[in-house]
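J.: The structure under discussion is supplied below as structure tokens; questions concerning it will follow.
The values are calculated or read from the model by the stated rules, or taken from the named source; none is laboratory data. Just so we're clear, the structure is a prediction, and the values are computed from it rather than from any experiment. Positions of Cβ are backbone-derived with ideal geometry, glycine not excepted, and every protein chain shown enters the neighbour counts. When the accessible area is computed, the model is the full protein with side chains, heavy atoms only, and any ligands, DNA or RNA have been set aside. Shrake-Rupley method; radii C 1.70, N 1.55, O 1.52, S 1.80 Å.
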Amino acid sequence: MTKEVEHEITVQAPAAEVYRLIAEVENWPRIFPPTVYVDHVERGDREERIRIWATANGEVKNWTSRRTLDPEELRITFRQEVSAPPVASMGGTWIIEPLADGASRIRLLHDYRAVDDDPESLKWIDEAVDRNSRSELAALKTNVELAHAAAEVTFSFEDTVQIDGSAKDVYDFVNEADRWEERLPHVASVRLDEVSPGLQVLEMDSRAKDGSTHTTKSYRVCFPHHRIAYKQVTLPALMSLHTGYWTFTENEDGVAASSQHTVVLNTENITRILGPEAGVAEAREYVRTALSTNSRATLGYAKNHAEQQR
């Protein structure tokens with residue numbers, strides 16, 4: 001039995017801009033709370049295959065979808081190629097409709113079946129689709145409407161270290177986060193759960209310069225031996241979003257290991273954390289310094305580890 005549902009929301013933004021945000025899947029981890037990571041498997045003018053890693057009812061699932069893009073009609077249809085149980089099949093359509101005064105309506109349609117038409121499984125899917133659709137649309141509304149205002153508080157940066165070693169050895173050091181407590185001084189404790197090969201849940205207590213510790217939780221998607229992408233879901237007070245990736249690129253001198261971060265500041269907490277005189281500029285500097293210090297430290301220890309393997 002195929003179930004069909006529809007969710008919609010109205011946003012104060014032009015339809016073409018809304019369409020672009022949904023069409024560009026690289027931005028999804030920033031726009032949609034459940035999405036951990038997305039990459040392209042195949043890419044044409046109108047047809048594409050994408051791999052998506054996302055949470056559903058607290059569990060991380062991944063699947064491959066085919067999408068058909070229609071920029072003239074502002075429609076995007078999608079169909080999961082192989083769905084993750086208990087979903088037997090899943091597809092749907094994004095429809096963006098222009099309204100008066102530069103607003104637009106976003107309609108999100110889904111159709112799905114449960115494995116063996118199991119009633120309990122169908123109920124699980126109903127709840128996941130409803131929760132994710134509501135959260136996706138609310139987040140999309142927020143992100144579209146705040147696109148200009150958020151430009152000042154959204155930023156990305158990258159640190160790179162050249163290592164005289166192999167990409168595999170450097171990758172292994174970052175991948176084996178369960179050993180960071182013994183390998184990295186700024187890590188007070190760590191809990192790593194490999195849900196399935198290449199998909200990890202990482203909880204970590206990190207020490208700050210002032211001796212305080214803070215807890216973070218991340219979902220990580222690992223591609224041996226060249227990339228580990230992640231999204232933090234338990235965040236320090238100064239961030240409302242933190243995504244990133246580690247990359248390991250072999251070259252004639254060994255391997256260039258990089259740590260990339262994308263951050264959205266939580267402006268409500270700036271004065272509470274940094275004092276009454278602090279603003280966005282101070283918060284950017286504080287967050288960038290903290291993240292960069294930890295990343296460069298991790299890359300430095302990874303460099304020592306990899307160069308000792310030669």
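J.: In what sequence, largest accessible area first, do 123, 209 appear using a 1.4 Å probe?
T.: Reading off the accessible areas and sorting them downward yields 209, 123.
J.: What is the angle, in °, between the Cα long axis of helix 280-308 and the longest principal axis of the Cα atoms in the chain? Nearest 10 is fine, range 0 to 90.
T.: 60 degrees
J.: Something else now. Report residue 129's accessible area, 1.4 Å probe, all protein chains in place, as a number in Å² to the nearest 10.
T.: 10 Å²
J.: So which GluC sites (Glu not before Pro) in the stretch 124-219 are both in a DSSP loop and have at most 14 other Cβ atoms within 10 Å of their Cβ?
T.: Loop-located and lightly packed - 176.
J.: Extending each Cα 7 Å along its Cβ direction at residue 293 and residue 194, get the distance between those two points in nm, one decimal.
T.: Placing both labels 7 Å beyond Cα along the Cβ direction yields 3.2 nm.
J.: Between the DSSP loop rule and a limit of at most 14 other Cβ atoms within 10 Å, which GluC sites (Glu not before Pro) in the stretch 262-310 are left?
T.: Filter output for the stretch 262-310: 277.
J.: Another one. Under a point-charge model restricted to the Cβ atoms of Lys and Arg (+1) and Asp and Glu (-1), what is the dipole moment magnitude of the chain relative to its Cα centre, in debye to the nearest 20?
T.: Rounded to the nearest 20 debye, it is 340 debye.
J.: If each residue of separation counts as 0.36 nm, what is the full-extension length gain between residue 26 and residue 183 once their alpha-carbon separation is subtracted?
T.: Value of the extension gain: 53.3 nm.
J.: Further question on the same structure: Which of the pairs 123/231; 61/209; 141/168; 209/303; 3/217 have their Cα atoms more than 32 Å apart in this structure?
T.: 61/209; 141/168; 3/217
J.: Could you size up the charge dipole of the stretch 139-255 around its Cα centre, putting +1 on the beta carbon of Lys and Arg and -1 on that of Asp and Glu, and report it in debye to the nearest 20?
T.: The dipole of the stretch 139-255 has a size of about 520 debye.
J.: Below 10 angstrom from the Cβ of residue 193, what's the summed charge of the other residues (Lys, Arg +1; Asp, Glu -1)?
T.: Residues near residue 193 contribute -2 overall.
J.: Compute the angle between helix 119-145 and the longest alpha-carbon principal axis of the chain, please, reported from 0 to 90 degrees and rounded to the nearest 10.
T.: The two axes meet at around 80 degrees.
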